[in-house]
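S.K.: My questions will all concern the structure given below.
The values are calculated or read from the model by the stated rules, or taken from the named source; none is laboratory data. It should be emphasised that the depicted structure is a prediction, and the values quoted were computed from it without experimental measurement.
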Amino acid sequence: MIGDDIRGDIGGAQGADIRGLLVRSGKFRPQDLRGEIQPDGVIDSIADLPAWWVESLLSCQEGMAQTPAPGLVCSIRCYLSRSGRSR
């Protein structure tokens with residue numbers, strides 16, 4: 001989930017076991033980052049999403065060097081491992 005509302009967007013997503021990416025626009029306030037709800041990532045603009053996604057995948061693939069899995073398969077495995085759902 002990508003949103004600018006720490007409670008409604010990010011908290012709601014995380015409550016449904018979905019990762020939440022906070023955008024520093026609209027409803028965002030700097031104090032949002034100091035609360036009990038912590039986003040899985042923060043970007044300045046939705047235009048930054050592609051770069052964030054690539055960086056996230058690269059760091060995941062580096063951490064999964066022993067499990068070669070190209071493209072979407074790696075991103076799914078990475079998501080599951082980060083969300084605590086891996087087997």
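S.K.: Can you tell me which residue within the stretch 52-84, out of those that are at pLDDT 60 or above and farther than 22 Å from residue 14 by Cα, is farthest from the chain's Cα centre (by Cα)?
M.R.: 62
S.K.: What is the number of the single condition among (1) in the same structural domain as residue 9 (by TED's automatic domain parsing); (2) modelled with pLDDT under 90 that residue 33 does not meet?
M.R.: (2)
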